[in-house]
Structure formats: C-alpha cells, structure tokens
1. Listed residues I109, I116; which is within 14 Å of the ligand (Cβ to nearest atom), at pLDDT 95 or above and within 30 Å of E186 (Cβ to Cβ)?
2. Identify the residue in segment 62-101 that is charged (D, E, K, R) and without any contact (Cβ under 8 Å) to a residue 60 or more places away in the chain and, among all such residues, is nearest to the ligand (Cβ to nearest atom).
3. Given the conditions (1) in contact (Cβ under 8 Å) with a residue 12 or more places away in the chain; (2) surrounded by 13 or more Cβ atoms within 10 Å (Cβ to Cβ); (3) out of contact with any helix residue (DSSP H, G or I) (no Cβ under 6 Å at 6 or more places or on another chain), and given that E199 satisfies all but one, which numbered condition is not satisfied?
4. Take the residues in segment 47-67 that are in contact with a strand residue (DSSP E or B) (Cβ under 6 Å, 6 or more places away or on another chain) and surrounded by fewer than 17 Cβ atoms within 10 Å (Cβ to Cβ); name whichever of them is nearest to L97 (Cα to Cα).
5. Only one residue in L3, L65 is in a loop (DSSP other than H, G, I, E, B), modelled with pLDDT of 95 or more and closer than 22 Å to V131 by Cα, so which one is that?
6. So which of D34, D82 ends up being surrounded by fewer than 22 Cβ atoms within 10 Å (Cβ to Cβ) and farther than 19 Å from T13 by Cβ?
7. Scan segment 243-250 and give yes if some residue there is small (G, A, S), under 30 Å from S87 (Cβ atoms) and in a helix (DSSP H, G or I), otherwise no.
8. Which one of these does A190 not meet: (1) part of a loop (DSSP other than H, G, I, E, B); (2) over 17 Å from the mean Cα position of the chain (by Cα)?
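The values are calculated or read from the model by the stated rules, or taken from the named source; none is laboratory data. Please read these numbers as outputs of a predicted model, since none were measured by experiment. All Cβ positions, glycine included, derive from the backbone under ideal geometry; neighbour counts span all protein chains shown.
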Amino acid sequence: MRLGFIGTGEITTALVRGLQGQDHQILVSPRNADVAAMLAAEVPGLTVAPNPDVVTGSDVVFLCLLARTAWEVLPGLPFRADQTIISVMVDAPLSKLRAVCAPATDIAITIPLPPIAGGGCPLPVYPASSVLDTLYGARNLILPQPSEAALNAHLGASALCSPILDQLLTAIDWLAAHTGDAAQAEAYIAAMIRGYLPERAQQGELAAALKSLSTEGGLNATLRAAMAPAKDALRHGLDGFHARLGLTDTKGRT
Ligand SMILES: NC(=O)c1ccc[n+]([C@@H]2O[C@H](COP(=O)([O-])OP(=O)(O)OC[C@H]3O[C@@H](n4cnc5c(N)ncnc54)[C@H](OP(=O)(O)O)[C@@H]3O)[C@@H](O)[C@H]2O)c1
C-alpha cells in the first residue's frame, strides 16, 4: 500500500514503527524535520515529501497534525475520492474532516497511543475501517465504535494513562525511599501491575482480580479505603470532558 502521514511528530513515529515487517511505500511530510530525517534513516521505503505530494502519492492518508494546525493545512491539499483518510487528531470531528478532505469520503477516526510502535495498543475506531484492520489488526486490539460519541468517550478515557502512571511513580518513589533502590522499585511496580492486566480483559477479569485483593483488614483493602476519594476525583475529572468531547452518558448527563 502507499501510505502518507501529514504531520511527522510523536504519534506518526509510533504509527510508522508499528508497521514494521510490512512492505509499504511510506511518505511523510517534512515537519518535524528532525523526526522526518530520523524516520527516513530508520525505515526502508520511507520518503520525505511536501504535504501536497504526500496526499497525491498515497492510497491512505493519516492525519497526524494538531487540530488547530489541521484547519489551516488540510483545506489546500489535493485529496481524492478514491482515498482512505484516517485521522488520529483530538478535537477534529468527522463533520469538519469531511468538509476539509472532500472529495474523499472514506474517513475514519481512531486513537492510537505511542505503545502502538510495539503492538498491543487498543484502537477504538469510528466508523469501522477495513484499512485500519489490514494495517494494524494483527498486532493490536481494534475496537469498532457504534457512534462518534462513543469514540469520543474513549478519547476521554485515554487520558487515564497519565494519572495512573503518576500514581505508580508515587508508589515507586515511596518504595525506593524505603529500599534505596529506585531502579528495582520501578521494576517491581511495573511487573506487579502488568501481572494483573490480562492481554484480553472483557469478561470481568479486572473485577475478579480486585475481588481477589479484598481480604478484610488486608494491606490491599486498607490502602484502597484510604484512597477512596480518588475514585470521585477520577469520575469528576472524566465528567469534565463532557462539553469538550460532546458527551452524554447513559443516564442523560451532559
Ligand atoms: N501523542 C499522542 O500520544 C497522541 C495520541 C492520540 C492522538 N494524538 C493526536 O495526534 C495529533 C498529533 O499529535 P503528536 O503528539 O504527534 O504531536 P506532535 O509531536 O506535536 O506532532 C505534530 C506534528 O505536526 C507538524 N506540523 C506542524 N505544522 C505542520 C504543517 N503545516 N504541515 C505538516 N506538519 C506540520 C509538527 O511539526 P513541527 O514540530 O515542525 O511544528 C509536528 O511534527 C494530535 O492531534 C494529537 O491530539 C496524539
């Protein structure tokens, strides 16, 4: 396939690395220049080209710009009706993408995260995209969504990574302060948490794991009780995305 990437930053780097082992012609735009040069040196079959040439030379165009840049850059590009467009941009609704990518109509939005470089990344997508399946389905968990609002809810939930990592770093810091070995503290916490996260959890595996860690008076239950206010803080923070992401929950709350 001929794949083009407009916007050559962190997420394009991860998406390109995630294609490792596949045989595609890849065009990336020249900004960021350092990242584009790094990818050209690293990936066989990858060429740096101006934005219009990326679009002209591609069957599939990934939109990987910051949204505020996208509305300036995309309207001038020569999209075609026979192309597939995959946007990974936050704050870029489908209606606006349809307007700026016309006459292309095969447009999907997905939410890759940097770990897609190594595979195992969840990829919610709306509408379903056979191209995304072909390119990333073998090594990642594709999750087609019934509506754009459902996809946007995943955008909100994706922000969970940062506060969770922050909590883990706090625990690592606490552990290292007692052992004097920061590297081992990090190795311990990361391996412990990984052990509780199955590759495919959708049958209540996480609730079962929590139940197994709930012995009354045990260390787990004691710490969980001490941290109970964090649950309300998490819900409050996620609810704060409602207006920005156009969300209404199943109880009708906007
Ligand atoms: N990173 C993530 O974890 C992640 C996850 C999901 C979705 N996203 C979304 O992906 C999009 C890109 O995020 P990112 O983290 O990859 O940001 P980024 O690293 O800042 O990449 C944006 C790229 O766009 C380039 N650019 C700016 N103006 C341009 C132009 N006129 N033509 C072509 N390229 C231009 C920038 O180049 P310069 O550096 O030269 O300005 C930069 O390389 C955003 O909409 C973000 O919301 C990111």
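1. Result: I116 is the single residue among I109, I116 that is within 14 Å of the ligand (Cβ to nearest atom), at pLDDT 95 or above and within 30 Å of E186 (Cβ to Cβ).
2. Narrowing segment 62-101 to residues charged (D, E, K, R): 68, 72, 80, 82, 91, 96, 98.
Next, only the ones that are without any contact (Cβ under 8 Å) to a residue 60 or more places away in the chain stay: 68, 72, 80, 82, 96, 98.
Values: R68: 9, E72: 7, R80: 19, D82: 23, K96: 13, R98: 17 Å.
Filtering first and then ranking leaves E72.
3. (2)
4. This residue is D59.
5. L65
6. Just a single option satisfies the conditions, and that option is D82.
7. yes
8. (1)
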